[in-house]
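> One structure coming up, written as structure tokens, with questions to follow.
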Amino acid sequence: MTRARSIQLSEFGAPEVMRLATLELPAPGMGEVQLRQTAIGFNYIDIYQRAGKYPLPTPTGLGHEAAGVVEALGEGVTDLRVGDRVVYMNAGVGAYADRRNVPAAKLVKIPAGISDEDAAAIFFKAMTAQYLVKKTYPVQPGDVVLVHAAAGGVGLILCSWAKALGATVIGTAGSAAKCELARKAGCDACIDYTQPDWVAQVIAATGGRKARVVYDSVAQHTFMGSLDCTAPFGMVVLFGAASGPAPAMDPELLNKKGCLFLTRPSVFPHNADPATFRANAADVFAAMASGAVRATIGARFRLDQLPEAHRAAEARQTTGSIVILP
């Protein structure tokens, strides 16, 4: 039996509740493979789950995405081989580990030319961006697109991908330094949303044109302003809540603001079917190969430094993606 180092929680709370434990890892079961994980991704949902905002049954692991090398095959696995480099984003919580067993259907091979770190850093985020720009609102050349938290992990990918699709991309972020990072990712302009007149600045940045689509993962601090930045018949896509839940709203307000569309999608239903998941992943890898999507790694932490990583993310001290190295 193999030993694995894994972050475990027996209660929810501050980052210190995360404990690094050594566990016995059984051989992979039917349809599973055993991975030696080489790079682990970080996502803001990890913080919500650790803090108990999205409660999990305890004891529990944490983490949703990682890259690694296949070390053993369970019975019935025919499409992977020992030594394959693979990545996943939806194999159940527990990615904060140096080894784990994962259903083969949840894995995709990493193409040559893409490093394990880059794959782990952005796979979940890029798969999120993929359904947002290709399915929730298919971005078209000439569209004005507004991306909140444009210097975050998903935000940077959304900005560069929407720009590659021919859109005019306006970003918002919480500081001048973050705005500069967003501009380097492809934003035509970036506005500091901590400024009281940020809505007016967003509209001015396009010469008065409002956005066909607003991608809002900030929610509480930005949502009402998002409605004011959206063109008539445009769409507001609420896909996260980094600053807290969006305020309650009378649906009639959507009519008054210009017959707007509002949606609250999620990445997992868009990738529930293995064939669809792998097709979407191929779209992501193609975007990475073309340069439309780039991994921007802002910080690296060891597995035993997870509390530090969570504190840095909660304090918004990082930009781009965080990678955890086993």
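Coordinate-derived values only; no laboratory data. Since this is a predicted model, take the numbers as computed values, not measurements. Don't worry about glycine lacking a Cβ; one is built from the backbone with ideal geometry, like all the others, and counts go over all protein chains shown.
> Treating only the Cα positions of region 248-320 as identical point scatterers, give the base-10 log of I(q)/I(0) from the Debye formula at each q in 0.14, 0.18, 0.25 Å⁻¹.
Per q value, in the given order, log10 I(q)/I(0) is -0.90, -0.98, -0.99.
> Continuing with this model, one more query. Over the Cα atoms of region 93-171, how large are the radius of gyration and the largest Cα-Cα distance (Dmax), in Å?
Cα radius of gyration and Dmax of region 93-171 are 15.0, 46 Å respectively.
> I've got another one for you. Take the cross-link list Lys106/Lys135; Lys53/Lys184; Lys106/Lys134; Lys184/Lys210 and give me the ones stretching past 30 Å between alpha-carbons.
Values: Lys106/Lys135 21 Å; Lys53/Lys184 33 Å; Lys106/Lys134 21 Å; Lys184/Lys210 22 Å.
Result: Lys53/Lys184 exceed 30 Å.
> Turning to a different aspect of this structure: With +1 assigned to the C-beta of every Lys and Arg and -1 to the C-beta of every Asp and Glu, and no other charges, what is the dipole magnitude of region 31-127 about the Cα centre in debye, to the nearest 20?
Details: 10 positive and 11 negative charges, 46 e Å.
For this selection, approximately 220 debye.
> Using only the alpha carbons of region 178-239, what is the convex hull's orientation-averaged projected area in square nanometres?
4.2
> Check cross-link reach from Lys178 to the aspartates and glutamates: straight Cα distance under 13 Å, and skip same-chain residues fewer than eight apart.
Within the straight-line cut-off, Lys178 pairs with Asp192.
> Can you give the log10 of the normalised intensity I(q)/I(0) at q = 0.14, 0.19 Å⁻¹, computed with Debye over equal Cα scatterers of region 191-326?
-0.92, -1.25
> Do me a favour and compute the ellipsoid semi-axes for region 1-98 from its Cα gyration tensor, root of five times each eigenvalue, largest one first, whole Å. All intermediate terms of the calculation are to be shown ahead of the outcome.
On the way: eigenvalues 133, 38, 26 Å².
That gives 26, 14, 11 Å for the three semi-axes.
> Express in whole angstrom the spacing between the alpha-carbon centres of region 123-195 and region 1-41.
33
> Using 0.36 nm times the number of residues separating Arg300 and Asp273, minus their current alpha carbon distance, what extension gain do you get?
Values: separation 27, 0.36 × 27 = 9.72 nm, distance 3.19 nm.
Between Arg300 and Asp273, full extension yields an extra 6.5 nm.
> Give me the percent of DSSP beta bridges within the chain that run antiparallel, rounded to the nearest 5.
Numbers: 29 of 53 bridges.
Percent antiparallel among DSSP bridges in the chain is about 55.
> Expressed in nm to one decimal, what extension gain is obtained for the pair Arg316 and Lys135 from 0.36 nm per residue of sequence separation less their Cα-Cα distance? Write down the numbers at each step before the final one.
Numbers: separation 181, 0.36 × 181 = 65.16 nm, distance 2.91 nm.
Gain on stretching Arg316 to Lys135: 62.3 nm.
> Springs between alpha-carbon pairs under 10 angstrom, Gaussian network model over the chain: which of Ser115, Ser266, Ser290 fluctuates most?
Sorting by GNM fluctuation, first place goes to Ser290.
> Could you please tell me the mean projected area of the C-alpha convex hull for region 27-80, averaged over all directions and given in square nanometres to one decimal?
Working: hull surface 19.0 nm².
Hull-based average projected area comes out at 4.8 nm².
> As a test of the definition: which semi-axes, in Å, follow for region 39-141 when you take the square root of five times each eigenvalue of its alpha carbon gyration tensor? Largest first, please.
Values: eigenvalues 105, 91, 30 Å².
Working from the Cα gyration tensor, I get semi-axes of 23, 21, 12 Å.
> Can you list the lysines whose alpha carbon sits under 18 Å from that of Lys109, skipping same-chain ones fewer than 8 residues off?
Lys125
> First measure r as the distance between the Cβ atoms of Leu23 and Phe261, then evaluate 1/(1 + (r/R0)^6) with R0 = 51 Å and state the FRET efficiency to the nearest 0.05.
Working: r = 46 Å, r/R0 = 0.91.
So the FRET efficiency works out to roughly 0.65.
> Pull up all non-local amide H partners of Ile191: gap of 5 or more, or a different chain, and H-to-H distance under 5 Å with H placed in the peptide plane.
Hits under the 5 Å cutoff: Gly171, Thr172, Ala173.
> Here is a further query. Please compute the modelled spin-label separation between Leu80 and Glu11, points set 7 Å along Cα→Cβ, answer in nm with one decimal.
Once both label points are built, they end up 3.6 nm from each other.
> Ok, one more. Find the percent of Cα-Cα distances in the chain that exceed 37 Å, and round it to a whole number. Could the numbers behind the result be given before it?
Details: 8943 of 52975 pairs.
Of the Cα pairs, 17 percent sit more than 37 Å apart.
> Something else: Just to be sure I understand: with springs between alpha-carbon atoms less than 10 Å apart, which residue in Asp216, Asp116, Asp79 has the highest mean-square fluctuation in the Gaussian network model of the chain?
For the chain, modelled as a Gaussian network with Cα springs under 10 Å, the answer is Asp79.
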